[in-house]
Amino acid sequence: MNQRLQKLQTWMKENEIDVTFVTSSENVFYLSGYYTNPHERLLALAVFQEMEPFLVCPGMEVHDAKRTGWEHEIIGYSDIVNPWELIHKSINKRLNSIQKVAIEKEHMNVERYEQLSLLFPKAAFVSAEEKLRRLRMIKDAKELKIMEEACSLADYAIEVGCSEIREGKTELEVLSAIEFALKKKGVKEMSFSTMVLTGANAASPHGNPGETKIQKGDLVLFDLGVVVDRYCSDITRTVAYGDINDKQKEIYDTVLKAQLAAVEASKPGATAAEVDLTARRIIADAGYGEYFPHRLGHGLGISVHEYPSMTETNPLIIEEGMVYTIEPGIYVPSVAGVRIEDDLYITADGPKVLTNFPKELQIIR
Ligand code: MN
Ligand code: MN
């Protein structure tokens, strides 16, 4: 049994949970090593306190699941079979009384919940999500190594983006050049839809790249990430095309100062709230408080957004092994949008910044 499953089993014993039924691709991958996007088909991992766990996947994927090293039972089902009957049999082989079942309540859909309720009419259903989020929050050495690679490819992507900036080029043209360069490096997937935003468009924190053309005096914002071995990176840089005005410069300097201070504050023992407020106060003191409308950052790993959530009210204590982003921004409608985002790994001595593209204002000529 791998260590992650062992930790889950310890939690199940402490909480008298008979079965944990995991259904999201991310958590199945985290616990089993097998990743698949099953689309509408059922993917599940059933874990027991003592008995052998089993994986449920579409029959055509059984071979792939075995190849990734899963040593326990695999139930493959064809498209003309009801997988729930097979699940029922497999669980009954192990236990005949099921009192408490942990499920991913946020991920589970109503139809599947009804199926499980029919199989275990006497069972209470509790959430497994909080526990799985806490397990995933602390990265091991192998995960760190993969994420370092994902971050260095994100740095490279920003470098390509900067080299593509020209008068009159559209956001989409720059974006496609970045992704083409990454594909040539063997990157199969981005962490999310790549963002290249210029001028006033950058003043929307979740803007959509389009046909807007880059012009002299614009700030250009890149927000992107690269997936390596199922782990995500996430970087934002804002650069200047030609000379920018004093207002744009002031906004940039304020975001940078806030970002650097929050990175510095990211030490074991500090709370997420303290780290968020370190940046938030600097931005508020400069008069831009109302233009920083989102949390400071978020955990990162198999999902691009995971625990911890870096908000000004989260009392969670920062621990060694966490990976999260620090991404303050200031967005003044029709003036400018600036965000600077790094991915951090927390060591006993403080933060190790995994994204390394320069943060002092880059002026592209
Ligand atoms: Mn982010
Ligand atoms: Mn981002």
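Condition check for LYS352 on (1) in a loop (DSSP other than H, G, I, E, B); (2) free of Cβ contacts under 8 Å to residues at least 24 places away in the same chain: one failure, at (1). The C-beta contact set for the range 184-196 (first residue assigned by TED's automatic domain parsing to the domain that holds ASN208 and within 16 Å of ligand 1 (Cβ to nearest atom), second residue among the charged types (D, E, K, R) and open to solvent by 20 Å² or more (accessible area, probe 1.4 Å), distance under 7 angstrom, 6+ apart or interchain) comprises MET190/GLU179; THR194/GLU179.
Take ALA284 and decide whether it is on the phi < 0 side of the Ramachandran plot, in contact (Cβ under 8 Å) with a residue 24 or more places away in the chain and among the small types (Gly, Ala, Ser).
Working: on the phi < 0 side of the Ramachandran plot: yes; in contact (Cβ under 8 Å) with a residue 24 or more places away in the chain: no; among the small types (Gly, Ala, Ser): yes.
No.
For the range 247-259, the count of residues that are open to solvent by less than 50 Å² (accessible area, probe 1.4 Å), in contact with a strand residue (DSSP E or B) (Cβ under 6 Å, 6 or more places away or on another chain), touching a residue at least 60 places away in the same chain (Cβ under 8 Å) and among the small types (Gly, Ala, Ser) is zero. Figure legend. Inter-residue proximity from the range 31-51: first residues over 15 Å from MET12 (Cα atoms), second residues open to solvent by less than 10 Å² (accessible area, probe 1.4 Å) and of a type in the set (Ser, Thr, Tyr), beta-carbon distance below 8 Å, spacing 6+ or different chains. Indicated pairs: LEU42/THR23; LEU43/THR23; ALA44/THR23. Anything in the range 3-25 that is surrounded by 16 or more Cβ atoms within 10 Å (Cβ to Cβ) and either part of a loop (DSSP other than H, G, I, E, B) or at pLDDT below 95 (or both)? List them, or say none. If the condition is that a residue be surrounded by 16 or more Cβ atoms within 10 Å (Cβ to Cβ) and either part of a loop (DSSP other than H, G, I, E, B) or at pLDDT below 95 (or both), then ILE17, ASP18, THR23, SER24 are the ones that fit.
In summary, SER163 fulfils each of the numbered conditions (1) closer than 22 Å to MET322 by Cα; (2) away from ligand 2 (no atom under 16 Å from the Cβ); (3) polar (S, T, N, Q) with the single exception of condition (1).
For the range 233-246, the set of residues classified as open to solvent by less than 10 Å² (accessible area, probe 1.4 Å) and of a type outside the set (Gly, Ala, Ser) consists of ASP234, ILE235, THR236, ARG237, THR238, VAL239, listed by residue number. Hey, any hits in the range 211-223 for a residue that's part of a loop (DSSP other than H, G, I, E, B) and out of contact with any strand residue (DSSP E or B) (no Cβ under 9 Å at 6 or more places or on another chain)? There is no residue in the range 211-223 that is part of a loop (DSSP other than H, G, I, E, B) and out of contact with any strand residue (DSSP E or B) (no Cβ under 9 Å at 6 or more places or on another chain).
The set of residues in the range 197-256 that are within 16 Å of ligand 1 (Cβ to nearest atom) and of a type in the set (Ser, Thr, Tyr) comprises SER204, TYR231, SER233, THR236, THR238.
Residues in the range 189-204: is at least one of a type outside the set (A, V, I, L, M), surrounded by fewer than 19 Cβ atoms within 10 Å (Cβ to Cβ) and modelled with pLDDT under 95?
Quick first cut of the range 189-204, residues of a type outside the set (A, V, I, L, M) only: 189, 191-194, 198-199, 201, 204.
Subsequent filtering for residues that are surrounded by fewer than 19 Cβ atoms within 10 Å (Cβ to Cβ) retains 189, 192-193, 204.
So of that shortlist, the ones also modelled with pLDDT under 95 come out as 204.
Scanning the range 189-204 turns up at least one residue that is of a type outside the set (A, V, I, L, M), surrounded by fewer than 19 Cβ atoms within 10 Å (Cβ to Cβ) and modelled with pLDDT under 95.
Among the residues of the range 332-350, which ones are open to solvent by less than 50 Å² (accessible area, probe 1.4 Å) and of a type outside the set (A, V, I, L, M)? Spell out how you get there, then give the answer.
Let us first name the residues in the range 332-350 that are open to solvent by less than 50 Å² (accessible area, probe 1.4 Å), namely 332, 336-347, 350.
Scanning the range 332-350 gives GLY337, ARG339, GLU341, ASP342, ASP343, TYR345, THR347, GLY350.
With over 26 Å from TYR231 (Cα atoms) and either in contact with a Phe, Trp or Tyr (Cβ under 8 Å, 6 or more places away or on another chain) or at pLDDT 95 or above (or both) as the only criterion, which of GLY337, GLY299, GLY321 stands out?
Values: GLY299 fails: over 26 Å from TYR231 (Cα atoms); GLY321 fails: over 26 Å from TYR231 (Cα atoms).
Just a single option satisfies the conditions, and that option is GLY337.
For the range 28-38, the condition of being touching a Lys or Arg at 6+ places or on another chain (Cβ under 7 Å), farther than 25 Å from LYS139 by Cα and either in a loop (DSSP other than H, G, I, E, B) or not assigned by TED's automatic domain parsing to the domain that holds ILE98 (or both) holds for none of the residues.
Of all residues in the range 53-66, those satisfying the criterion of being within 26 Å of the chain's Cα centre (by Cα) and part of a helix (DSSP H, G or I) are GLU61, ASP64, ALA65. Candidates in the range 169-184 are the residues that are among the charged types (D, E, K, R) and under 22 Å from the mean Cα position of the chain (by Cα); of these, the one that is surrounded by the most Cβ atoms within 10 Å (Cβ to Cβ) is GLU179. Do we find a residue being touching a Gly at 6+ places or on another chain (Cβ under 6 Å), touching a residue at least 40 places away in the same chain (Cβ under 8 Å) and surrounded by fewer than 18 Cβ atoms within 10 Å (Cβ to Cβ) anywhere in the range 131-139? Yes, there is a match, as at least one residue in the range 131-139 is touching a Gly at 6+ places or on another chain (Cβ under 6 Å), touching a residue at least 40 places away in the same chain (Cβ under 8 Å) and surrounded by fewer than 18 Cβ atoms within 10 Å (Cβ to Cβ).
Of all the listed residues (VAL28, VAL101, VAL62, VAL47), the sole one being surrounded by 14 or more Cβ atoms within 10 Å (Cβ to Cβ), in contact with a Pro (Cβ under 7 Å, 6 or more places away or on another chain) and among the β-branched types (Val, Ile, Thr) is VAL47.
The values are calculated or read from the model by the stated rules, or taken from the named source; none is laboratory data. Please read all numbers here as calculations on a predicted model, not as lab measurements. As a convention, Cβ positions derive from the backbone with ideal geometry for all residues, glycine included, and neighbour counts pool all protein chains shown. These accessible areas exclude ligands, DNA and RNA; they are computed on the full protein's heavy atoms, side chains included. Shrake-Rupley method; radii C 1.70, N 1.55, O 1.52, S 1.80 Å.
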